[in-house]
Ligand code: GDP
């Protein structure tokens, strides 16, 4: 995808009305620090357009990036913060649920998992939850550059087994440092646009 035009078009918080977009949407979910901003920046060929988790008090918003007036990359708020109150967790859940239920244009959900470690209980819950909402997430295994070549296949299997993936689910290793995996992810995004 050649990025000709890029705009952070809508930012939705817990009380916002979600946009009734006409263009197809592709959403990205993952725990905080998994590398979601880095991935979205890499897909958009930008260094720091998407927020990064260095931002203190990172807010719980859904961000809609309009790409070439062709599609939206939708950045869902990260989960698994240690310092989040039960009330904030509940609001986070409601916001995402409202989006997954309400969007008429959502074509695919990518779930990011840090491939250095086995998926956490939160990762597993998120995967099962997205599935229960009727989507079959594509997994992006992040921080590929942190692994030795000999560890990659083993860790992909740990991610697969840990999440209990539906057979046939794709797992794409990705590095924001080397950009390995980016073209494959764009290819899947484009394939999913058709619905
Ligand atoms: P987010 O909270 O999911 O948006 O995570 P960020 O994109 O802000 O990344 C969290 C931290 O992990 C930052 O310090 C990034 O520089 C680092 N990071 C993200 N992706 C990669 C990657 O592919 N490789 C390496 N080595 N570090 C990464």
From the option list 39, 23, 18, single residue qualifying as modelled with pLDDT of 95 or more and within 8 Å of the ligand (Cβ to nearest atom) is 39
Tell me whether region 67-82 contains one or more residues that are assigned to a helix (DSSP H, G or I) and either over 16 Å from the mean Cα position of the chain (by Cα) or more than 27 Å from residue 20 (Cα to Cα) (or both). no
The one condition residue 74 fails out of (1) modelled with pLDDT of 85 or more; (2) near the ligand (Cβ under 10 Å from one of its atoms) is (2)
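Take region 46-66 and flag every residue that is within 18 Å of residue 1 (Cα to Cα), assigned to a loop (DSSP other than H, G, I, E, B) and either within 16 Å of the chain's Cα centre (by Cα) or modelled with pLDDT of 95 or more (or both). Talk me through it step by step, then tell me what you get.
Taking region 46-66 as the starting set, the residues that turn out to be within 18 Å of residue 1 (Cα to Cα) are 46-47, 49-50, 64-66.
Those still in the list that are assigned to a loop (DSSP other than H, G, I, E, B) too: 46-47, 49-50.
Passing the criteria: 49, 50.
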Selection from region 89-104 of residues surrounded by fewer than 17 Cβ atoms within 10 Å (Cβ to Cβ) and either touching a strand residue (DSSP E or B) at 6+ places or on another chain (Cβ under 7 Å) or free of Cβ contacts under 8 Å to residues at least 40 places away in the same chain (or both) yields 89, 90, 93, 97, 101
A careful count of residues in region 144-168 that are more than 12 Å from residue 115 (Cβ to Cβ) and touching a helix residue (DSSP H, G or I) at 6+ places or on another chain (Cβ under 9 Å) gives 3
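The values are calculated or read from the model by the stated rules, or taken from the named source; none is laboratory data. Please read all numbers here as calculations on a predicted model, not as lab measurements. No Cβ is skipped: glycine too gets one built from the backbone with ideal geometry, and neighbour counts run over all protein chains shown.
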